[in-house]
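Below you'll find the structure, written out as structure tokens, and then a few comments.
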Amino acid sequence: VHEVVSRNDHSTAVALLTQLLEISPWSSEFRELRAQSNLAIGDRLAAVSDFKSVNRLMQDGSDDLTTHIFKLSKLLYELGNAEDSLKEIRECLKLDPEHKLCFPFYKKVKKIDKFLNDAESYRESKSYDDCISSAEKILKNEKDVPMIIFGANQYLCSCSVKNDKYSDAITYCNNALKIEKDPSILCDLAEALLGEEMYDDAIR
């Protein structure tokens, strides 16, 4: 298996490691290798599942465990799941409150998770200006992670449409759609285009 991984043949490695894990389901080494290979082929959800299993199999308090928790938290954040990322990083800080990787990451994720929750609450309560303001704070604090940027633009798109700010909404909806094609955003974009009387574009 190590030889296959070293050749960067990650699809074959995943298949081999899956067979090995059927025989040795408690092997944290095999699970971690499969997580890394799944990451390499872009299957982040499968990698998350394996990293969670590795963390459960490891003994509490080891340096390796805190490192693995950090990896899992970072992966969840990159998937746009700030809430679950925050839960994981808190587990790391329970083991080591001053952890050099976990502590600064915790401060960042906590902030982003709050802004995301605020944006959702304001949208639900129809406080659209506040929703827009919260989503703008996300973009100020996160410049690199596409799925977090997508989440911010999703709120900006939705709340701008509902606030009759159609021109702004078109920009935000398109920004979100460049990252991921989401049906609800396509609907909001169509509504914004109609609001701007861009009928031909809205029909497309």
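Filter the stretch 2-11 for residues that are open to solvent by 50 Å² or more (accessible area, probe 1.4 Å) and modelled with pLDDT under 85; which is farthest from the chain's Cα centre (by Cα)?
Across the stretch 2-11, the extreme among qualifying residues is 3.
Return the total of residues in the stretch 129-148 being open to solvent by 10 Å² or more (accessible area, probe 1.4 Å) and part of a helix (DSSP H, G or I).
11
Do you know which residues across the stretch 90-104 are touching a His at 6+ places or on another chain (Cβ under 9 Å) and buried (at least 21 other Cβ atoms within 10 Å of the Cβ)? Full working, then the answer.
Step one: of the stretch 90-104, the residues touching a His at 6+ places or on another chain (Cβ under 9 Å) are 92-93.
Scanning the stretch 90-104 gives a single hit, 92.
Answer yes or no as to whether residue 168 is open to solvent by 10 Å² or more (accessible area, probe 1.4 Å), in contact with a helix residue (DSSP H, G or I) (Cβ under 9 Å, 6 or more places away or on another chain) and among the acidic types (Asp, Glu). Quick ask: steps written out before the conclusion?
Details: open to solvent by 10 Å² or more (accessible area, probe 1.4 Å): yes; in contact with a helix residue (DSSP H, G or I) (Cβ under 9 Å, 6 or more places away or on another chain): yes; among the acidic types (Asp, Glu): yes.
When the stated conditions are applied, residue 168 passes them.
What's the total number of residues in the stretch 15-40 that are surrounded by 15 or more Cβ atoms within 10 Å (Cβ to Cβ) and out of contact with any Phe, Trp or Tyr (no Cβ under 7 Å at 6 or more places or on another chain)? Spell out the reasoning first.
Here is the first cut: in the stretch 15-40, the ones surrounded by 15 or more Cβ atoms within 10 Å (Cβ to Cβ) are 16-17, 20-21, 27-28, 30-40.
So of that shortlist, the ones also out of contact with any Phe, Trp or Tyr (no Cβ under 7 Å at 6 or more places or on another chain) come out as 16, 27-28, 30-34, 36-40.
Here the count works out to 13.
Looking at (1) closer than 22 Å to residue 69 by Cα; (2) more than 26 Å from the chain's Cα centre (by Cα), which is the only condition residue 49 fails?
The single condition residue 49 does not satisfy is (2).
The values are calculated or read from the model by the stated rules, or taken from the named source; none is laboratory data. None of the values given here were measured: they were computed from a predicted structure. Using ideal geometry, Cβ is built from the backbone for each residue, glycine included, and neighbour counts are taken over all protein chains shown. In case anyone asks, the SASA skips ligands and DNA or RNA and just uses the protein heavy atoms, side chains included. Shrake-Rupley method; radii C 1.70, N 1.55, O 1.52, S 1.80 Å.
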